[in-house]
Structure formats: structure tokens, C-alpha cells
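A quick write-up on the structure given underneath.
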Amino acid sequence: MGPESGVSIPSPPRNPSSLSWVNLSRNLILAYQSLGVVYGDLSTSPLYVYSSTFIGNLQDHQNEDAIFGAFSLIFWTLTLIPLLKYVFIMLGADDSGEGGTFALYSLLCRHAKFSLLPNQQAADEELSAYKYGPSMQVATGSPLKRFLEKHKALRTALLVVVLFGASMVIGDGVLTPAISVLSSVSGLQVTEKKLASGEIVVLACVILVGLFALQHFGTRRVAFMFAPIVIIWLVSIFSIGLYNIIFWNPKIVRAISPYYIIKFFRETGKDGWFSLGGILLSVTDGCWFELVIIAIFGFHQAEAMFADLGHFTALSIRLAFAFVVYPCLVVQYMGQAAFLSRNPQKVLNSFYDSIPGPVFWPIFVIATLATIVGSQAIITATFSLIKQCHALGCFPRVKVVHTSKHILGQIYIPEINWILMILTLAITIGFRSTTLIGNAYGLACITVMFITTFLMALVVTFVWQKSVLLAAMFLLFFWFSEGVYLSAALMKVPQGGWVPLVLSVIFMLVMYIWHYGTRKKYNFDLHNKVSLKWLLGLGPSLGIVRVPGIGLIYSELATGVPAIFSHFVTNLPAFHKVLVFVCVKSVPVPYVSPEERFLIGRVCPRPYRMYRCIVRYGYKDIQRDDGDFEDQLIQSIAEFIQMEAGDAQFCSSESSSYDGRLAVISSRTIQSSSSLIVTEREDCDGIESIQSSKSLMLQSLRSAYPDDENPGVRRRHVRFEVAASPGMDTGVREELMDLIEAKEAGVAYIMGHSYVKARRSSSYLKKLVIDMGYSFLRKNCRGPSVALNIPHINLIEVGMIYYV
């Protein structure tokens, strides 16, 4: 029986064993790739852990028992924090494949009303990426949930904690390149021609300048080398560690027992507690867990494993760590301890001194390359974190350059890059010692881990819907173990630990001031919306002349008409025939699929020709300037008009409230729609677009001022026609014709050029924050029109003062 009969022919059943083999092969390949992306920096920590531990308070305790105890501490720290906490627990708390502190925060905001920006809509909860876990219904009767939602001060405190953690991670982006590169080149101090410390610092600075200067090229051309470099490095340190165990002191194997930790503290006492800051460096690259929320690469230690879920499966990251990275690091630390137990005087450069002479130079080269890979990871991840902070309304607008046409996650932020470079060079030149930098590095990372544990406990309760008792047990267990390291790291504040505190406070102030000012500005717009009754009273002409064309009025409001619109209506004699209120907003999900990006609705009845368009992006989405926005908007509105005509819900009453009723317009629906006939033509020089404009003045301006920002970009020029459909309603056809004619006449982009000031009755602190801090940030960041890729030739800005 053929297919024409309508009977489907079942496909042959798949072999379960072949499927499992394919899945395993895929995860093994991803595990291989993750070695270069996630573990570049973690694997280089043996360069400086022992020297940072024993130089200082333990100088008088450099004996076999202390060294065995230090290794035992390192072993159990690696086992409890990266292996147990991150590999076995936190890899299960990803946000649609994304990890990191902000991913945890976005999960919490979706399951409880923790967000401070009131621009979320019920339609956002229908996004496919919004749904998480078996059920989105959290127990509404949870006393803890109600308590946190009720008190705004607690929600503000939660945001401050998240921002502080993110700021610490940015600080880690300054410290990681400094300590990694400086520790790698310090191997030249153990060669026959020993270099002075000043020469080592100069060499490290040269490498760092080159590293930051090459950031704008991206990593796509060299990224394929990352995994082989890290694998060679891991094999090298494993081999050296195994050699040192056998050659120097095989008894070091006994130090795996926790009994040696007891002996360590019994002998060293308070000095041993102070030294925990050095032990902490064996897992500190995990601070990266934040930063690596990156679309293409993410790479750091324990935290990096969690943050790179967007590109690697949880199984692949677990395989790579449990069967490759973890054993190699344990054997290397064990081998160094065996070497130091026989050569305690060489603790300053214990790693390089423990390398057999014939292989010193190859290991030195591989070590330098591995530290560059790890530093590259943290820098790129910092860019990603900054972009994510901006998407969630917590960072000023900055220029984002996409360094790869094929991989959306590879981005470069020039301003942040040069700020990181200056700060990294200042740290390297100012401290000139991996020990002092390590003190700062350890405090930054353990603080992020401490915050992550707290957020994870909330996720266990509100997202996983487990009991508060289980969340409390998780919190207390890891807070106790991490609290011991945090207390030791805080004691190092005078010896370099103040650096991450200062950096994090500065970055946190910038982020919170921006978020506070943005929230106040939004609330002003929310409480000063134009009355729809007033608009309806003006009639379809709005009391002015409606001229051909489309006016796109940009606002942060998701509902209502912004106050800037009343400025036009009351001060200008004419306005566009078709008006679209556009709101571009971020939602607390990683990605929004193109099929769910547009929400279209009406603001007033049909004769007014006033529409609303909400464009939704996730915090990992990239807003590309592909020149298709206008065409997609016209097609979406046309589809909405046709959908509305056939839906009784939209046409039930002319007097009912129009604003707030929105429909998701899918690109698939648009493609299958027959309301418009679309003809396309590509053009490189813009001549076609100039000739298509009906405005002679606009033609001359476009000829005189071509698109300098995107020269040579191939733009699609689309012409629309109403399809010949006998069954189409006359009103629908007329509205579609008006829409097409307005598009042919030209599109104008209207934005508010706002000045935000504090009210006279405000407190001195609020005036300081708004009038100085927020105003300074707004004046020195990218303009909203540039960030939204709005063509300047079509831009109209309306000045307005916000008294908040």
C-alpha cells in the first residue's frame, strides 16, 4: 500500500545499544573539548599553590608532617568543593543549559516574585524557555516565599548579594591573568641564567599587553588549539607528579587520610589556619562559575564547570573532571608534596624545581601556553558577564563587538577590555608577587562560592521544591566548609586581600546605581502614562494631521502610552499615519526563540492605526543589526491584523480595553500567511532604498550621509503587496493597504532623550546617586539609539526631564 492511501509506514525501531553508543561518543567528544574551555585555569593552579601556602606564616613549619598535612587539605578541598558540590550537585541546577550566579537568580525570579523591575507580563511565562522542571507551580503557601516576596528590602538585599558576587567575579577577571602569567614566567628564576624579579614582571607585562591587545580578533582561529594544549599540560603534570612520588617519597600516598589534617593543625596551630588562604587557591579558579556564562567558551575551575553548561552536557563535564582533570591534579599535588618533603627549602618555586632537568624547557613552554589559555577564558567570560548584567538592567550600555559570524557567544567589549588590562598591569607591577596576588585571588573566589551556596539553597527550596530542611542542611554543610576558608582569606585583607574588596565595591556601586536609576526612571514612566481616555477623546486624527509614514515610538513601557507621546501630540502639527509603540525588553530566560520574540497588539481601536510591539530577548541573546527589523515588524502587524479579524476575543467590543491584549506572532505563522505578498532584493550600496523613499529630502540626506557604521552590509529591500483574497474583510484589506503605504512612505524612529534628576525633596544621598552617579553613567555610556541599532538618519529624539 503506497503513501497515497494515507496510511503511514512505521519506521524500523532503533537499536537502543546503538543510541547509547552514539550518546556516549558525543559526550566523550564534548568532554575532550571542555578540557580546553573549562579547565584551562584550574589545571594551572599547581604553579603557585604550595608557594602561596608555605611562604608567610608557615615558614617555620616546612617539615614533612606540615607538607603531608597541606597535601591532605588540598586533596579533600578538591574532593568536597569541585567534585561533590559542583560536579554532583550544582550541575543539576542549570537554567535551560546555562549556569552561573545570574542563571540561579533568573530561576529564582521566575519561581518567585523577586525581580525589582515591574515590566514582566503574564505572556512571558508562556515562553518555552521559561518553564523549568516538572512543574512551574511553587507552593504558594510557603511561608518563606511569602515572607521574601512581601518585603522589598529583602528582595533588594538579594539583588545586592548577586551583584556583589558578580563584581567579585569581574575582579577575578583582573586577578586571574596577573597570577597565572606571572607564576608561569617565574620559572625563569630557577634556570642557570636566573632573571631578577623586575625582569620577570616586565616579561609578564609584555605577555599581558599582547593578550589584551589581541582580544578584538576573537579566539575562533586559535580555539581549536585550546584542548590539545590543556591535555598536553595535564599529561605533563601527571607524569611529573608520578615521577616525583616514586623518586622522592612514595609514603605521600598515606596523606590522603584526613588524619594528616589533624596532625597539620596540631603542629601549626593558628599559623596553619592562616595558611588556608593558600590551600584555597587549589580550587579558586571556580570563581569563574559566574563568568563563564558565555555562548561559545567558558573556562575556569569548579564554578566554570557549572557556567559552561550552555555548550557542554552535564555528563561531558563530569566525565572530563572525574576521569581526567581530578586524577591529574591529585597526582601532581601529591608529587610536589613528595618533592618538598625531601627539599623543603625549595618551596618558593616548588613546581619548576620539581621538574627533571631534561624536560624543563618543554614544560615551561606548555605551562606558559596553558596560563594564556586560562587567562583568555576568564577575559572572554568577563565580557559575557558584563553583557548579561546589562541585559538584566544592571550595567550601563557598552559596545559589544561580535568577533565571529558563526558563533554568537564570541564577543568583545573594547571599554571593558582596556579597563581590565590597566587594572591587571597595575596589580602585576604593584604586587610583583604571586603570594600577594594569591591572597586577593583567594578572597574573591571563596566569596563567590559562598554566595553561590546561598543561592543554591534557595533554588533547592523554590525551584526544585524540596523541603526547607534539606536546603538548610546543604547550606550549613557547605557554608561551614567554605566559611573556614573565608575566615582565613579575610585575615589576608591587609596583605593584598583588600584589592578584590575595593574592585568589587566599585563595580557593585556602578551596577546598583545603574539599576536603581533605571528602576526609578521606569516607575516614573509607569506613573505618568498618557490616559487612553484622553487619546480616545481626540479621535482617530489625534487632533493633528496624520501624514504618510510609520512612527516607531520606543519606550521601556510594556503597557500604556509613554509621556513623550503627549509632547508630540501637543507641540507638533502633524504625526505619522501609523504609530507603533515598541518596547525592547529582556526576560529572565537565557534565550527567546525567534518564533516567540514578537508580541503584537493594539493601543486604540482600528481607525487610530496605533499598535504595540514588544520585542523580547533573553539574557544570552544577541541583538544583531541585520536590517530586517522593519520588515519583520510589518509582517508581524499584518499577521496580527488578519488574526484579530478571525478571533472573536479581539473583536468582541469596540469599547473594551485594547491595551494589554497581545498575541505572539511566530515567524512560522508569518511565512505561512497569505495576507501579504513579499518581494525581496539585496543591495549593497543603499541606492535601492534611496530611490524607494517618497521623501525627496530623505533621499538627499541618505545620499549625502550613507551608512558609515555598516559599510558594505547587504541589506534586504522588501516590497509588500496585499494578496488577492476574495474572502478578506474590507476593513482588514483597507488597514493592510494603509500599513503598506505607510511603510513605502518611510519609517521614523522616535525616542526620548531623557534627563533624570532627583526631586528637590529627595534626601542628600538620593541626589548624590541620581544627579551625580546615574547622570555620569548615562552621559558616558552608549546611547540607546546606538545600542538598538537605530539608523541616525531616521531618528527623532524628544527631550524630557524625569524628576524621580
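The values are calculated or read from the model by the stated rules, or taken from the named source; none is laboratory data. Because the structure is a prediction, the values reported are computed rather than measured. In this analysis, Cβ positions are derived from the backbone assuming ideal geometry, glycine residues included, and neighbour counts consider all displayed protein chains. Side chains included, ligands, DNA and RNA excluded: accessible areas come from the protein's heavy atoms. Shrake-Rupley method; radii C 1.70, N 1.55, O 1.52, S 1.80 Å.
So the values come out like this:
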| item | result |
| --- | --- |
| Residue among Ser180, Ser167 that alone is of a type in the set (Ser, Thr, Tyr), closer than 19 Å to Val49 by Cα and assigned to a helix (DSSP H, G or I) | Ser180 |
| Residue match in region 166-174 (condition: of a type in the set (A, V, I, L, M), touching an Asp or Glu at 6+ places or on another chain (Cβ under 8 Å) and either at pLDDT below 80 or open to solvent by 40 Å² or more (accessible area, probe 1.4 Å) (or both)) | no |
| Selection within region 316-334 - under 16 Å from Ile252 (Cβ atoms) and among the aliphatic types (A, V, I, L, M) | Leu329, Val330, Val331, Met334 |
| Counted residues, region 742-763 - those being in a helix (DSSP H, G or I), open to solvent by 10 Å² or more (accessible area, probe 1.4 Å) and under 22 Å from Leu572 (Cα atoms) | 2 |
| The lone exception for Asp525 - which of (1) exposed (fewer than 15 other Cβ atoms within 10 Å of the Cβ); (2) touching a Pro at 6+ places or on another chain (Cβ under 7 Å) it fails | (1) |
| Any hit, region 195-206, residues being in a loop (DSSP other than H, G, I, E, B) and over 28 Å from the mean Cα position of the chain (by Cα) | yes |
| Asn63 within 17 Å of Ala488 (Cα to Cα) and open to solvent by 40 Å² or more (accessible area, probe 1.4 Å) | no |
| Which numbered condition Tyr591 fails, given (1) at pLDDT 85 or above; (2) within 32 Å of the chain's Cα centre (by Cα); (3) not hydrophobic (A, V, I, L, M, F, W, C) | (1) |
| Output for region 432-469, where each listed residue is open to solvent by 40 Å² or more (accessible area, probe 1.4 Å) and closer than 26 Å to Leu276 by Cα | Arg432, Leu436, Phe450, Phe454 |
| Given (1) over 23 Å from Asn794 (Cα atoms); (2) in contact with a Pro (Cβ under 7 Å, 6 or more places away or on another chain); (3) among the polar types (S, T, N, Q), index of the condition Ser555 fails | (1) |
| Residues of region 587-605 classified as open to solvent by 10 Å² or more (accessible area, probe 1.4 Å) and touching a Gly at 6+ places or on another chain (Cβ under 7 Å), total | 1 |
| 2 or more residues surrounded by fewer than 24 Cβ atoms within 10 Å (Cβ to Cβ) and either modelled with pLDDT of 95 or more or basic (Lys, Arg) (or both): qualifying helices (runs of 4 or more DSSP H) within region 231-295 | 259-268 |
| Only listed residue being within 30 Å of Ile634 (Cβ to Cβ) and either in a loop (DSSP other than H, G, I, E, B) or not polar (S, T, N, Q) (or both), chosen from Ile513, Ile506, Ile564 | Ile564 |
| Matching residues, region 610-627, being open to solvent by 20 Å² or more (accessible area, probe 1.4 Å), of a type outside the set (Ser, Thr, Tyr) and either over 23 Å from Leu557 (Cα atoms) or at pLDDT 85 or above (or both) | Asp626, Gly627 |
| Qualifying residue in region 404-427 (condition: closer than 28 Å to Val484 by Cα and touching a residue at least 40 places away in the same chain (Cβ under 8 Å)) | yes |
| Where a residue in region 539-550 is assigned to a strand (DSSP E or B) and at pLDDT 80 or above and its partner, wherever it lies, is open to solvent by less than 10 Å² (accessible area, probe 1.4 Å) and hydroxyl-bearing (Ser, Thr, Tyr), with Cβ under 9 Å and at least six apart | none |
| Qualifying residue in region 773-790 (condition: among the small types (Gly, Ala, Ser), within 19 Å of Pro562 (Cβ to Cβ) and open to solvent by 40 Å² or more (accessible area, probe 1.4 Å)) | no |
| Phe474 vs. criteria within 27 Å of His111 (Cβ to Cβ) and open to solvent by 10 Å² or more (accessible area, probe 1.4 Å) | yes |
| Qualifying residue in region 478-491 (condition: under 30 Å from Arg778 (Cα atoms) and of a type in the set (A, V, I, L, M)) | no |
| Residue match in region 502-522 (condition: in contact (Cβ under 8 Å) with a residue 24 or more places away in the chain, open to solvent by 10 Å² or more (accessible area, probe 1.4 Å) and within 25 Å of Ile740 (Cβ to Cβ)) | no |
| Residue within region 383-391 that is touching a strand residue (DSSP E or B) at 6+ places or on another chain (Cβ under 6 Å) and either open to solvent by 10 Å² or more (accessible area, probe 1.4 Å) or over 30 Å from Leu509 (Cβ atoms) (or both) present | yes |
| Any chance Gln495 is over 28 Å from the mean Cα position of the chain (by Cα) and not β-branched (Val, Ile, Thr) | yes |
| Asn57 being surrounded by fewer than 24 Cβ atoms within 10 Å (Cβ to Cβ), in contact (Cβ under 8 Å) with a residue 24 or more places away in the chain and out of contact with any Ser or Thr (no Cβ under 8 Å at 6 or more places or on another chain) | no |
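For every residue, the table says whether it meets (1) within 20 Å of Ser45 (Cα to Cα); (2) of a type in the set (A, V, I, L, M).
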position	(1), (2)
Thr368	yes, no
Ile379	yes, yes
Tyr412	no, no
Asn417	no, no
